[in-house]
Amino acid sequence: MIYAVAVLAPLAGSIIAGLLGRAIGDRASQAVTILCMILAAICGVTAWVQHIWLGAPDGVVTLGSWMEAGSLHLDWALRYDTLAATMVAMVTFIATLIHIYSVGYMSHEPTPTSRFFSYLSLFSFAMLMLVSANNLVQLFFGWEGVGLASYLLIGYWYDKPSANAAAIKAFVVNRVGDLFFAVGIALTFFTFDSVELPTIFASIQQHANDTYALFGVHHAYELIGVLLFIGAMGKSAQIGLHVWLPDAMEGPTPVSALIHAATMVTAGVFLMARMSPIMSMAPGALAFVTVIGGTTALFAATIGCVQNDIKRVIAYSTCSQLGYMFVAAGVGAYQVSIFHLITHAFFKALLFLAAGSVIHAMSGEQDMRKMGGIWRSVPITYAVMWIGSLALAGIIPFAGYYSKDAILEASYAAGSATGDYGYACGLLAAFLTAFYSWRVLLLTFHGTPRADHHTMEHVHESPAVMTGPLIVLAIGATVAGFALRPYFIGDYWHAYWNNSITNGANNHVLERMEDLPGLVGYAPLITGVLGIGLAYVMYVLRPELPSLLADRFAPIYRLLLNKWYFDELYDMVLVQPYRRLARALWQVGDATIIDGVPNGLAELTVDSSAQVVRVQTGSIAVYAFTMLIGLVLLVSIFLVFR
Amino acid sequence: MNWSLALPEIVLSCCAMAILVFGVVVREDSTFVCTMLGLGAFLLTAMLILAAPFGTGYGGLFVVDPFADFMKLLILAGGAMAVVMSLDYNRHERLTRFEFPVLIVLSTVGMMVMASAANLMSLYLGLELQSLCIYVLAAFARDEQRSAEAGLKYFVLGALASGLLLYGISLVYGFAGTMDFARITRALTDPVTVSPGLVVGIVFIVTGLAFKISAAPFHMWTPDVYEGAPTPVTSFMSTAPKVAAMALLLRTMVAPFGHLLAQWQQLIVLVSILSMLWGSLAAIGQSSIKRLMAYSSIGHMGYALIGLAAGTAVGIRGVLIYMVTYVFMSAGTFAVIIAMRRRGRACEQINDLSGLGRTDPAMALAMVIFMFSMAGIPPMSGFFGKLYVFLAAVQAGMWTLAVIGVLTSVIGAYYYLRIIKVMYFDTGGEAFDPRPASLSVIAAGTGLFTTLFFVLPGPVLNAAQAAAQALFG
């Protein structure tokens, strides 16, 4: 079945390029992985179209048995429903473009890139396993596979210490979330005696009143919901567990695009939608999701306003946009969150690849303070960057407008305190988003050139293999919003989703969104335009303003520039004490006690040996005496213990 | 009277006399011929043993059963290997005298009597015949001070041990009124009525026999005698007499004193633990390989005694299997030690083995096999020896004993592995003189047995099983 091909083709490409990369050469590896991805994309999109418009029914493609242990039966199986098909189509499509783009971006690499392409395909495969999983353990398999691939790719330039540190950081921070996710899966199994999604969803009502007692009695669904969400926080870089995402910039730019757009960070949002039957039974967990999402959206946007690294700004914007998606999930509008996930995938991939194109043009420079005035030299990049920024800022009619607008409407329509909090944060963040998007645009392309003469001479448009994907993505970022809106959240949403997402019995957010006061709908657009205007004022009309403000509000500026000191805080509270503990365990626990015991025993043995040998004097009298003593000893023992 | 029960012993004694006469009559050097004749006598005796019927004879003095046959064959194997190994050694050390094979044959007769003894008196006679020959053999290099000292020490301490044994026998006779094993068994049916005097007698008997198998704390003679005696004699002492003395100990403990298991068990456990500890600890400090082997044999006897301490048929079977594996790996090790000879001079230091892995890979490989086996590393035969005694101990609920056995074998592994390290990782040693064929044959044969035991353990296991059953029968 084509659906299985869509999922497994990237794996084939990854294995061929990874194991035979040296044998078949660099070009062939690139060709194989890209062909596999194109095949996957064709199959993935076809499967999606078939399901939505040609009436292919929901189904499960079983690939084989995985585990049999007691009451636990696991299959390798691909779930085929709207949610999975949508995700598969999006992932394969975006990942294919990123693969193609990488050919151009990695062309100046001194070492063979077959490894890079193998990892990229592995990354895509892991994400596809995740989204098409029919049981939680396979989902976790994909979840961990994504983590592994991100580790490999962030640390792709393994001779760069900062890349290694970033890779380890990403892996470790993700592990924190994974732990909670794993516990959540265990608790799910504990509650439902199954990790198969159909079984779980079918018995939701039976276990509605289950409780779980640990440090007090909890409602089982609330606990599962919170645990799953903390897992999602790690993958989707929500506040607290977001620290790895900006550092993930250490990998090659296509990796950032893949992480931020198609794979990895969207996994958490997907998980919320996938587990919507459970989540919608857990209002407390959902409130938590909304608060974290709203906070992240605003918090990341504030940091994005002052960063100077072009990729870092975009990275924080991802963080912020993911916050939006969780706000939508938190108010029970999972469809809206997936809608934003899809549109975001287009414009975020576009922005990252365009940023990569800029970096490529600037000979590797990433600091916006050393750019400027290059828009004439890189017209295509400039144009698509505009489109991406317009979409990100939520300007009509670009993709981001429809989805972001819908999120804010949904949070407003929820009518709850947390929903209002999400709305407020989202609106403020929308203003900041527009501001920093134009800040990037203006600093990078306009004004006087701040790069040195040498770099400026080399500024050139990227080759077609890079601009091609950019143009495709730009089209997507332009049309995805209004083209998909009717199906995802508009008139046809019931038919489109076909019950692959459950909103909960009393949740009518999607219906209520339709009749909100007009101002609520236009508010994000208005704030967005205001943000653009402010950026124009600060970076074109009055370029001295930013530094003036930075001086005036130095503490705030430093707080934002240093990313709210999260890294420093973690370093102080977690990393350093952990290092001290590890050092203590090593020096005291391992070197002294664990090594000490065998070493001490060995010394004791050698000492006893010396003592024992001393008895052997060679004197026959001593020998006879020893025998007699032994005899007396034995006789006494015998007589005493008989 | 069924005198034919003792036919193998009678034939072997006659052979010994004949060889002696032959050696005296033939004026020129007849050692080689006498040695060969001795080997022939061993072979003949072995066949007679296999053919002889089972039964009790000589008024209850002498018993032939599967247990006795098993032990006798093992004794003959040990004796034969010692004779073969002596050929080359004695020529180099100018010890070529025809009395050597005669003494070994006579000693073997004594051991066979020990294995068949069914009366405290025949027990003592066999033991003394065996011992007297070995006293002489230990001092065989009489011009050498070390050898003479070894013989004398063994004799004096052996006399003490014999005295203790005799005293024990007299105590048992005094309290039980008989020296016949079967009658003693009947007399001791009710352990509650046994007088302390008889029990003390048993302790004395155990002491005398423990001396012979060099179990701690009656082992003090072993390192000195092993080191001083000519190496083939050491090899002989570490194999056949150990088997014979172990046979005696097993038979006396299980047959006449079997009902007193609860009482002597503690004793054997103590002796076993002491032997294992002493054997493994003291061996670490040794630089002479012959002394090392002495402590090693003390340790091995400790392990073997675990099986006896278990006091079950499974335990006895374990001891028998242990003795089989021990005899072959010990003989093989001594073959390698005797082959250590540079420019005509025998080498006895562990350091002399350095570089053997390069200069003589085959010999080094053989030594590796024996050392791994002694350390009890699978799949060598030594592992199975330990396995069966530990198994018996665990089945009998003697966890402490098994655990101590495992721990001391860890310590033991250190000095066995050290030899391998010296052979392969230390450099410097010159090549040894070319190996004589006799030693190569012994080393190769025992090496093959040790390595391939695990392929076909059936015959040995079954024979040991039958022998153990016979003892309990």
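Radius of gyration and Dmax for the stretch A:121-236's Cα atoms, expressed in Å?
In Å, with Rg to one decimal and Dmax whole: 16.5, 55.
Among A:Ala273, A:Val183, B:Phe257, whose Cα projects farthest towards the positive end of the dipole of the protein assembly as shown, with charges put on the beta-carbon of Lys, Arg (+1) and Asp, Glu (-1)?
So the residue we want is B:Phe257.
Against the longest alpha carbon principal axis of chain A, how many degrees, from 0 to 90 and to the nearest 10, is the axis of helix A:620-641 turned?
It is inclined by approximately 80 degrees.
Can you compute the radius of gyration and Dmax for the stretch A:212-368, using only the Cα atoms, both in Å?
Over the stretch A:212-368's Cα set, Rg and Dmax evaluate to 16.5, 59 Å.
Using a Debye calculation, one point per C-alpha and no hydration shell, please list log10 I(q)/I(0) for the stretch B:2-472 at q = 0.06, 0.07, 0.09 Å⁻¹ in order.
Computed log10 I(q)/I(0) values: -0.23, -0.32, -0.54.
With charges only on Cβ, +1 for K and R and -1 for D and E, what is the dipole size of the stretch B:2-472 about its Cα centre, in debye, rounded to 20?
Once rounded to the nearest 20, the dipole reads 400 debye.
Determine the per residue accessible area of the stretch B:320-458 with all protein chains present and a 1.4 angstrom probe, expressed in square angstrom.
Roughly 39 Å² per residue, with all protein chains present.
Using a Förster distance of 45 Å, how high is the FRET efficiency between A:Val529 and A:Leu574, based on the Cβ-Cβ distance and rounded to 0.05?
Plugging the Cβ-Cβ distance into 1/(1 + (r/R0)^6) gives 0.60.
Sort the stretch A:589-642 into rounded, prolate or oblate with this rule: let a ≥ b ≥ c be the square roots of the eigenvalues of the Cα gyration tensor; rounded if a/c is under 1.5, and if a/c is not under 1.5, prolate when a/b is larger than b/c, oblate otherwise. Working shown, then result.
Details: a/c = 9.16, a/b = 1.82, b/c = 5.04.
Since a/c reaches 1.5 but b/c is at least a/b, the shape of the stretch A:589-642 is classed as oblate.
Considering all projection directions equally, how large on average is the shadow of the alpha-carbon convex hull of the protein assembly as shown, in square nanometres?
58.7 nm²
For the pair A:Leu179 and A:Asp420, what calculated FRET efficiency results from E = 1/(1 + (r/R0)^6), where r is the Cβ-Cβ distance and R0 = 35 Å, to the nearest 0.05? List each step's numbers first, then the result.
Values: r = 32 Å, r/R0 = 0.93.
The computed FRET efficiency comes out at 0.60.
Given Cβ point charges of +1 (Lys, Arg) and -1 (Asp, Glu) and nothing else, what value in debye, to the nearest 20, does the dipole of chain A about its Cα centre take?
Value, rounded to 20: 900 debye.
Accessible area per residue of chain A at 1.4 Å probe, in Å²?
39 Å²
So for the stretch A:1-40, Kirkwood radius off the Cα pairs, Stokes-Einstein at 20 °C and 1.002 mPa s: how many µm² s⁻¹?
In µm²/s, the coefficient is 216.
With +1 on the Cβ of every Lys and Arg and -1 on the Cβ of every Asp and Glu, and nothing else charged, how large is the dipole of the stretch B:335-473 about its Cα centre, in debye rounded to the nearest 20?
With Lys and Arg at +1 and Asp and Glu at -1, about 100 debye.
Just name one of A:Met513, A:Leu545, A:Leu561: the one whose Cα is farthest towards the positive end of the charge dipole of the stretch A:487-571 (beta-carbon charges, Lys/Arg +1, Asp/Glu -1).
A:Leu545
In square angstrom and rounded to 100, what buried accessible area do you get between chains A and B, total over both, with the probe at 1.4 Å?
Using a 1.4 Å probe on protein heavy atoms, the buried area is about 2800 Å².
Evaluate E = 1/(1 + (r/R0)^6) for B:Arg94 and B:Leu125, where r is the Cβ-Cβ distance and R0 equals 45 Å; express this FRET efficiency to the nearest 0.05. Can you show the working numbers first?
Values: r = 34 Å, r/R0 = 0.76.
For R0 = 45 Å, the calculated efficiency reads 0.85.
Sorted from largest to smallest, which semi-axis lengths in Å does the alpha carbon gyration tensor of the stretch B:145-270 give for its equivalent ellipsoid, taking the root of 5 times each eigenvalue?
Details: eigenvalues 194, 37, 27 Å².
In descending order the semi-axes read 31, 14, 12 Å.
Taking all pairs of different Cα atoms in the stretch A:67-148, averaging 1/r and flipping that mean, what Kirkwood radius in angstroms comes out? Present the calculation step by step, with values, prior to reporting the outcome.
Working: mean 1/r = 0.0705 Å⁻¹.
Kirkwood radius, the stretch A:67-148: 14.2 Å.
Along the three principal axes, how long is the stretch A:92-187 when you take its alpha carbons, biggest first, rounded to the nearest angstrom?
For the stretch A:92-187, the Cα extents along the three principal axes come out at 49, 32, 16 Å.
Which of the residue pairs B:Lys212/B:Lys421; B:Lys72/B:Lys153; A:Lys160/A:Lys563; A:Lys348/A:Lys370 have a Cα-Cα distance greater than 31 Å in the structure shown?
Distance filter (> 31 Å) returns B:Lys212/B:Lys421.
The stretch A:1-142: D in µm²/s via Stokes-Einstein (Kirkwood Rh, Cα pairs, 10 °C, 1.306 mPa s)?
In µm²/s, the coefficient is 102.
Semi-axes of the equivalent ellipsoid of the stretch A:479-527: what are they in whole Å, largest first, if each equals the square root of 5 times a C-alpha gyration tensor eigenvalue? Don't skip to the end; give the middle numbers.
On the way: eigenvalues 99, 52, 13 Å².
Ellipsoid semi-axes (Å, largest first): 22, 16, 8.
From Cα coordinates alone, what are the radius of gyration and Dmax values for chain A in angstrom?
29.7, 115
Summarise the accessible area of the protein assembly as shown (1.4 Å probe, protein heavy atoms) by the percent that is carbon and sulfur.
68 percent
Putting +1 on Lys and Arg Cβ atoms and -1 on Asp and Glu Cβ atoms, find which of A:Ala464, A:His494, A:Tyr436 reaches farthest to the positive end of the dipole of the stretch A:393-537.
Farthest along the dipole direction, towards plus: A:Tyr436.
So what are the stretch B:37-147's ellipsoid semi-axes, whole angstrom, largest first, if each one is the square root of 5 times an eigenvalue of the alpha-carbon gyration tensor?
29, 16, 9
Counting helices only, and only those DSSP H runs with n ≥ 4, report the 222 nm mean residue ellipticity of the protein assembly as shown as the sum of -39,500 (n - 2.57) divided by its residues, in deg cm²/dmol to the nearest 500.
Helix-only estimate at 222 nm: -24000 deg cm²/dmol.
For the stretch B:2-472, what relative contact order do you get, as a whole percent, if you take Cα pairs closer than 8 Å and at least 6 residues apart?
15 percent
The values are calculated or read from the model by the stated rules, or taken from the named source; none is laboratory data. No experiment lies behind these values; they were computed from the predicted model shown. All Cβ positions, even for glycine, are placed from backbone atoms using ideal geometry, and neighbour counts span all protein chains on display. For the accessible areas, the whole protein counts, side chains as well, though only heavy atoms, and no ligand, DNA or RNA atoms are used. Shrake-Rupley method; radii C 1.70, N 1.55, O 1.52, S 1.80 Å.
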